[in-house]
1. List the residues of segment A:179-194 for which accessible area in the full set of protein chains is at least 10 Å² lower than for the chain on its own; 1.4 Å probe, protein heavy atoms only.
2. Would you rank B:158, B:150 by solvent-accessible area, highest first, keeping every protein chain in place and using a 1.4 Å probe?
3. Relative contact order of chain A, please, whole-number percent, based on alpha carbon pairs below 8 angstrom and at least 6 residues apart.
4. For chain A, report the accessible area per residue in Å² (1.4 Å probe, heavy atoms, rounded to an integer).
5. Scanning chain B for helices, which whole DSSP H stretches are 20 Å or more long along the axis (Cα) and average -0.5 or more by Kyte-Doolittle?
6. Given B:26/B:354; B:26/B:200; A:10/A:105; B:37/B:354; B:67/B:323, which pairs have Cα atoms separated by over 22 Å?
7. Please calculate the 1.4 Å probe accessible area of residue B:219, with all protein chains present, and give it to the nearest 10 Å².
8. Using alpha carbons only, how many degrees (0 to 90, rounded to 10) separate the axis of helix A:69-78 from the longest principal axis of chain A?
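The values are calculated or read from the model by the stated rules, or taken from the named source; none is laboratory data. As the structure is a prediction and not an experimental result, all values here were calculated from the model. Ideal geometry is used to build each Cβ from the backbone, glycine not excepted, and the neighbour counts take in all protein chains shown. For the accessible areas, the whole protein counts, side chains as well, though only heavy atoms, and no ligand, DNA or RNA atoms are used. Shrake-Rupley method; radii C 1.70, N 1.55, O 1.52, S 1.80 Å.
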Amino acid sequence: MPLNIVVCIKQVPDARTVRFDAEKGTIIREGVDAVINPVDLNALEAGLSLKDALGGEVTAISMGPPQAVEALRETIAMGVDKGVLLSDRSFAGSDTLATTYILAKGIEMLGRFDVVICGKQSMDGDTAQVGPGLAVRLGLPSVAYVKEITVLNDGGLFRFRRETDSGYDVVEVEPPFLVTVPPLLNTPRLPSLKGKMRAKKADITIYNANDIKADLKKIGFEGSPTRVVSTAVHAFNARKEMLSGTVEEQVRALIGRLKEAGLL
Amino acid sequence: MAHVDYLLTEEQQMIVDLALRISKEKIIPVRAELDEKEEFPWDIMKELAKADLFGLYIPEEYGGLGKGCFEMCLALEALAYGCIAVTTTYAASALGGYPILLYGSEEQKRLYLPDIASGRRFTAFGLTEANAGSDAAAIQTTAVEDGDSWVINGAKQWITSGGEADVYTIVALTDRNKGARGATAFIVEKGDPGFGFGKKERKMGLRASSTRELIFNDCRIPKERILGRRGQGFIIAMKTLDLARPGIGAIGVGLAHAAFNEATRYAKERIQFGQPIISFQIIQHMLADMATQIEASRALVYAVARTIDAGAKDFAKVSAMAKLFPTDAAMKITTDAVQILGGYGYMKDYPVEKMMRDAKVLQIYEGTNQILRNIIGQAINKEQIIKDC
């Protein structure tokens, strides 16, 4: 049975190049590459392999600034059929409550959908709330931290193995539903050349607040009961000591220090 | 600091970026293990297929991307930056596919090219025999017409991807007394009656690539598997090799660049006599020669590939140059990289010893560099007009 699959993605600063301004407590955005949130690549892979197995269509959707179009193009290079960006100045400052509202309004614009897949959490916000929150907004059953996906009845029923603190649950659910996936669920595919060429020319649909008929009280700062008051960079203030002398002397001194500290 | 700008189009840059990404993410992490175990790189071939790279040179109407010799060279160089055994496996499939592309009937093209482009079927090329290497005209494998079939007898030696490939383009004698005009090309499929494989060779380098004998023992194939016309076999083989040779040059460039990078990184880190060895002029001069030779090789390969794509007709000479110079350079550069790493370079813990072992084959396969000098020399001898610069 062909499925309409929606994958939510977020564009985030590349962790490999990101730096922090310790004094201001902010991320230095200049000269930092923007990438697809790493675990969202696992969500994309999950969506694309469902399409490979059952047929259907994969739509990637994102809320973000206009430049997030590039992230959606990347998903098309991987094999996604359609990219949708929800972008409006009034979305700025949205917390997870407002974000799930905006994403739900955007997904409702797509018409019929069977499966919504989200990465477990973004590497910048790190809340892991958007997936389950979005399920509530859309009125869908939600299964979080899915480690294994089994398709039954030609896509009429899905069996998931869900990670818990003490072990795992096995959950069965009929579409439509929402799942969130952790890293290491799968190996995200690389783009293909044909995909990259298609991505270059692809039309990315952009919806603003008006298009999705968003209630302005529910979005942005106004729709966000939580506020980030300050951000602090972890400081590593451990005592430093440089050992000197020959290699043998340094090793002897190091063993001595480790013994003093009770580590050896 | 500026690098030489080869003015790639956006699509060409895409090919480089993707092939290089595969090199770094999928090839480099496993190359030492593949080499050690002499393991055929099927997983990587599947990645290349998914990336559409097998269809690079195949026209769009047959499911490919319709790119030329130049784009092939770009992909080969980026893959060779990771491992040339893996890259040779990929290149050998093109070597098996080119004859079908160049000389196949419309039906043959429709039957084979879409499968080759998608990576569903993997190809190989068989010309060399135990007693026919540089002297390709000395082949002894025969093909005899028998009703609706051709019956092939003989053996091909050192065939890259032998046993692994599904489709083989091979050359056999159909008229023993017509000399070079007595050979004909055929398409043989794995599973054809009487078609088998000999032992897998154990090699100095290129160990992840499979090199095996093809054995034809009253191998019977349908009549329509003849490729091109009867007697055209050597022309097909030579034209195929002419088209493929710049790609071997490109493999040399990628390999040499990888060795150069290893040597440079090491020279900056290695402290002797109280300073990084790159501060010594002798090391700087070695690196300077390496960098210059790489750039000269790359420029030659790209220029010849673009000449071919622009529609040049008789390009055997320039194509031979585009393999000769970069592969001799790759041998020298990989050897010097081992030298710069010294004792460490000789150890398997560092990648340059494999690079040096691998490099040697580039001077031997697809026409030894001595035979290439013959081709270039004979062309110079034949040219009526001595061209001004």
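1. Correct list: A:187, A:189, A:190, A:191, A:192, A:193, A:194.
2. The most accessible residue leads, giving B:158, B:150.
3. Rounded, it is 24 percent for chain A.
4. 56 Å²
5. B:84-103, B:233-269, B:281-309, B:316-346
6. B:26/B:200
7. Approximately 0 Å² for this residue.
8. That helix lies at roughly 80 degrees to the long axis.
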